[in-house]
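The structure appears below as structure tokens.
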Amino acid sequence: MNEFINIVFSGVNFIPTTLFVLVLFYWLIVLIGAVDTDFLDFDVEIDADIDIDADIEVEGNSASNLFALNKILAFFNLGKIPFMVFLTFLAIPMWVLSVMSNHILGNTSFLLSLALLVPIFIVSLFIAKIFTTPFVKLFAVLEKESDEDDIIGAIGEVRLGASSTQKGQADVMVGESFFTVFIKTHESAQTVKKGDKVLVLDHIKEEDYFLVEKYNH
């Protein structure tokens, strides 16, 4: 046991072991409720908008590079799942492969361990992709449900008239997100027509529509 601890915390395994310990510490404090899962988490997004007044050649290269980077991140599921979830599945194989490689090779050189980390990191990226792929659809559903909950209390504009018995449609802006949703009016409310402003009251998930009332303010 002591030998294993010495190997794990040796200088050649310092970087992957530190990353692994930080990930474990993160989930520990999440588990005990000290912080929520948004702590140290963020969305990985690439903005491919380029200033149209910039030099055409520079703009083309920049847009191409950003697009390529965005495709790479998407390929490895970054941006599709929370960053800390991805980092967890990346840190574990990095740590295991680093410890095993350095032990099998009998490596005691920190510089060599840094060189080994490059292929280990690449292999770990693919392992992380494999293990995070089942979570992509799960987090997509959770994000959709969260967005739908945010719609409640928002103001929308009727696109297709609705009543308490007939479904219509409304356009709703929540933050920077735009939604077109099915609506029905409250039983005691009047029929709403195209162009009317409505207040979203509730989400009737069983029939997939939002309950609204006319907004006169």
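The values are calculated or read from the model by the stated rules, or taken from the named source; none is laboratory data. Values in this document were obtained by computation on a predicted structure and should not be read as measured data. For neighbour counting, all protein chains shown are included, and Cβ atoms are generated from backbone atoms with ideal geometry for every residue, glycine included.
If you take the residues of region 178-217 that are part of a loop (DSSP other than H, G, I, E, B) and of a type in the set (Asp, Glu), which of them is surrounded by the most Cβ atoms within 10 Å (Cβ to Cβ)?
Once the filter is applied, the top-ranked residue is Asp196.
Which of the residues spanning region 180-217 are among the polar types (S, T, N, Q) and under 14 Å from Ile155 (Cβ atoms)?
Of everything in region 180-217, just one residue is among the polar types (S, T, N, Q) and under 14 Å from Ile155 (Cβ atoms), namely Asn216.
I'm checking my understanding of the structure. Among residues of region 145-177 that are among the charged types (D, E, K, R) and assigned to a helix (DSSP H, G or I), which one is modelled with the highest pLDDT?
Asp150
For region 63-82, how many residues are surrounded by 15 or more Cβ atoms within 10 Å (Cβ to Cβ) and in contact (Cβ under 8 Å) with a residue 40 or more places away in the chain?
The number of residues fulfilling the criteria is 5.
Does region 5-21 contain at least one residue that is at pLDDT 70 or above and within 22 Å of the chain's Cα centre (by Cα)?
Yes; the residues of region 5-21 include at least one that is at pLDDT 70 or above and within 22 Å of the chain's Cα centre (by Cα).
Residue under question is Thr108, and the condition is that it be modelled with pLDDT under 85 and not in a helix (DSSP H, G or I); does it hold?
So Thr108 does not fit the description; no.
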